[in-house]
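The block underneath contains the structure these notes are about, expressed in structure tokens.
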Amino acid sequence: MSRIMIVKQKLHEDTRPTLYRGLKYWGKKPHNVWRRLIEDNTQPKDVVYDPFAGSALTFFESLKAGRVPVIADINPLTLFLVDVYSKSFDLQKIKVLADKITTKIRQTGFYKKNYTCECPHCHKLVEIYNYRWHNGTPDEFSYKCPHCQKTYTIRNTIPYTQSSDSKKWKPSFDLRELSIVTPALINKIGGSNITDLWTDRNLALLCAIFDHIRKIKDEEKDALMFGFMQILHLTTKMCALRGNGANRPLSTSWGRPAFLGLSSFMEQNPVIQFERAIYGNAGVIQCLESRYKYLPPYTYSTDIKDLHKVDGIVLLRDCKAIKTGFHANLVITDPPYGSIIQYGELSLVWNVWLNQYDPKYTMSLKQEIIVNRKKSHEQYVNDMVKVWNNCQNLLEQDANVIVTYNSNSKEDWQALQQILRRTDLYVKEQRIQKNKRSSEANVSCKKGIGITDYYFVLGTKNVDYKGF
Ligand SMILES: C[S@@+](CC[C@H](N)C(=O)[O-])C[C@H]1O[C@@H](n2cnc3c(N)ncnc32)[C@H](O)[C@@H]1O
Ligand SMILES: [Zn+2]
């Protein structure tokens, strides 16, 4: 008898544990639904394989369910997250090290010139939280005055001081190599280097924080890097201003999955953001506390040969090339949906830094399975057929593939049909799962279609094909 019995009743998404909020990634799936699917389709100690692991949900939920995860992704963010959560850090030490960094930077003349001013109300020195840029000028800024105990937004321009420190390492990547970058974007952000996504002063402060983190000798260094990763996108020029109704003058974020060239944006203070990333809501401390509570301690390896020696495997590899080396009892995955989100290109905001932090975190955009200006639907179909064939070879007989999918584009759905036709897989069950948060399809579509994902359970035709 087939082991699969997908749960028929509607599953509701629970509140996401904080550990899943540590890194920004698009298309995070509902953790409790994922675990339920894993539990219902496998036995304890079974191997669960996810070839497109993203933010490593399958890894963590399989561990929680007492299964053995094998996950793959070409994006090093996946490996980084699994690595950070595998360590038992001294939380107190993280705080001490973070405070040392912020104190040192606050003492620099560069920081004082750029991110402090005199409060016009009490005439004391205060720290600026952010600048609001309109048409190329930072003509407004906000701060919280600890003396007046109020938040103020001031309409004024503070002289912009350039950094004179050119010794520190800076990332570099030519954005024109990317499929999502247009000449209009380059024009808008004022250059074609990835560094042009940040203002000069924010880039200088980020480089300073990064430099301090890299010099740390303690293991807690990785936890600080985790915090640093959390602030990279929040300190770019891609953070849109909230409407006046939002009444949140001190924060914003990078909303849409695209590189944005905005005339008006919020430039957020990297030092304050870093502090929030350590101490704040869903910051490093809260994420680690959530992780220690939610998951057992685990060991992992990046070598499949260690499968029987560790609790889970993470492969920073192209899943087209993963054909042998283990047997899986279930494949559960959320593959790229055609052209919807350009994961690899967008992730450069983090990965250009992560790769410098440790060269083992490298990514080859060439291997990404995706549809974009450089990669056709035809190639996407060919690549996916390879992956599904690999999965079928890796699967124990009678085991299933559970795959999510959604798109607003007809071509993407046609691609899925072609993939199914060209493999030995057939659709056994399908259902719609409502997401609490937006799915990829929704995120990329302003009209708000697609707050759902389709879940397909695929069986293998040569085992018990009854037609579809
Ligand atoms: C839809 S996302 C997965 C999102 C995931 N559900 C999550 O919770 O974060 C698809 C993933 O496939 C990865 N990917 C694309 N091509 C790949 C390849 N050739 N090998 C392995 N992973 C690949 C991307 O890096 C991306 O993380
Ligand atoms: Zn004041």
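Brief remarks follow.
- Only aspartates and glutamates eight or more places from Lys87 in sequence, or on another chain, were considered; those with a Cα closer than 20 Å are Glu61, Asp218, Glu219, Glu220, Asp222, Glu289, Asp303, Asp306, Asp311, Asp358.
- The amide H of Ile71, built 1.01 Å from its N in the peptide plane, has Asp50, Ile313, Val314, Leu315 as neighbours under 5 Å, considering only residues 5 or more places off or on other chains.
- Under 5 Å from the amide H of Asn408 lies no amide H of any residue 5 or more positions distant or on a separate chain, with H modelled from the backbone and absent for Pro and chain starts.
- Comparing Cα centroids, region 88-107 and region 20-44 end up 32 angstrom apart.
- Over all other residues within a Cβ to Cβ distance under 13 Å of Asp318, the charged ones net out to +2, with Lys and Arg as +1 and Asp and Glu as -1.
- D by Stokes-Einstein for region 91-285, Kirkwood Rh over Cα pairs, 4 °C, 1.567 mPa s: 74 µm²/s.
- Overall Cα dimensions of the chain - principal axes, largest extent first, Å: 78, 46, 41
- Neighbour-count ranking [beta-carbon atoms within 10 angstrom, fewest first] of Leu394, Leu11: Leu11, Leu394
- Our coupling estimate for region 213-227, obtained by passing each phi through the Karplus curve with A = 6.51, B = -1.76, C = 1.60 and θ = phi - 60°, is 4, 5, 7, 5, 9, 6, 4, 4, 3, 5, 5, 5, 5, 4, x Hz, Gly and Pro reported as x.
- Cα-Cα over 27 Å, subset of Lys168/Lys221; Lys124/Lys167; Lys217/Lys305; Lys305/Lys386; Lys93/Lys150; Lys124/Lys188: Lys124/Lys167; Lys217/Lys305; Lys93/Lys150; Lys124/Lys188
- Highest-first arrangement of 96-102, 195-201, 302-308, where packing means the average Cβ count within 10 Å: 195-201, 96-102, 302-308
- Neighbour counting of Cβ atoms within 10 Å sorts the residues Ile94, Ile419, fewest neighbours leading, into Ile419, Ile94.
- Mean Cα-pair separation over length for the chain, i.e. relative contact order, pairs under 8 Å, 6 or more apart, %: 19 percent
- Cβ-placed point charges (K, R +1; D, E -1), dipole of the chain about Cα centre in debye, nearest 20: 880 debye
- Net length gained if the chain between Thr108 and Tyr279 were fully extended (0.36 nm per residue, minus Cα distance): 59.3 nm
- With the helix formula -39500 (n - 2.57) applied to DSSP H stretches of n ≥ 4, the chain reaches a computed 222 nm mean residue ellipticity of -10000 deg cm²/dmol.
- Spatial separation of Cα centroids for region 177-212 and region 243-319, in angstrom: 20 Å
- DSSP beta bridges in the chain [antiparallel fraction, %, rounded to 5]: 70 percent
- Modelled FRET efficiency - R0 41 Å, Asp200 with Asp40, Cβ distances, 0.05 increments: 0.15
- The listed peptides 47-59, 108-120, ordered by packing as a protection proxy, come out as 47-59, 108-120 (highest mean of other Cβ atoms within 10 Å first).
Coordinate-derived values only; no laboratory data. The structure presented is a predicted model; accordingly, all values stated were derived computationally and were not measured. Every residue, glycine among them, receives a Cβ derived from its backbone with ideal geometry; neighbour counts consider all protein chains shown.
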